[in-house]
Amino acid sequence: MRTLDKNKTAVALLGGLALVGALAGCSSTPEAAVEATTTPSEEATTAPSETAAPAESGSTYTDGTYTESGSYQTPNGTESVEVTITLADDVITDVSVSGSGGSRDTQEYQGQFIDGIAAVVVGKNIDEISVSKVAGSSLTSGGFTSAVEAIKADAS
């Protein structure tokens, strides 16, 4: 009698596992499709299905090129950067940054930021970017973020 109960239990367990496996396979298919359309350098927040949505429902911001300044604090005082962003369907298609670093250190960090920022934000929805550190420069991002917020207001 015990052997029969063990066999029934084993069959029920295997059947349950097969069902769970089948259902898990079905649920991962949409995620796999999204991953297949995403390039290795993109994050999940930049998958084509998500960046295409604002264009389909209408852009939040007016297409064009906008320039604003943003300031930030360093150990040497207040510094600023001038940011120019070109938008098309809420996506950043071009960015340029110029700095006005007063000290040698500030000029160095702004230069690193300027050299690396395009790789971080171009091709991304302006509402989805979050810049905290670029190429070793962490303070310059404060001025950049401030300028981006002003650009969003201009483009609204």
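Take the Cα radius of gyration of the range 108-156 and divide it by 2.2 N^0.38 Å, N being the number of residues; the result is 1.12. Protection proxy ranking for 139-147, 89-97, using the average of other Cβ atoms within 10 Å per residue and placing the highest first: 139-147, 89-97. What is the range 68-156 by shape, rounded, prolate or oblate, if you read a ≥ b ≥ c off the alpha carbon gyration tensor as root eigenvalues and call it rounded for a/c under 1.5, prolate for a/b larger than b/c, and oblate otherwise? The shape class here is prolate.
The numbers here are math on the coordinates, done by the rules we state, and not lab data. Values in this document were obtained by computation on a predicted structure and should not be read as measured data. A quick note on method: Cβ atoms are made from the backbone with ideal geometry, for glycine too, and the neighbour counts reach across all protein chains shown.
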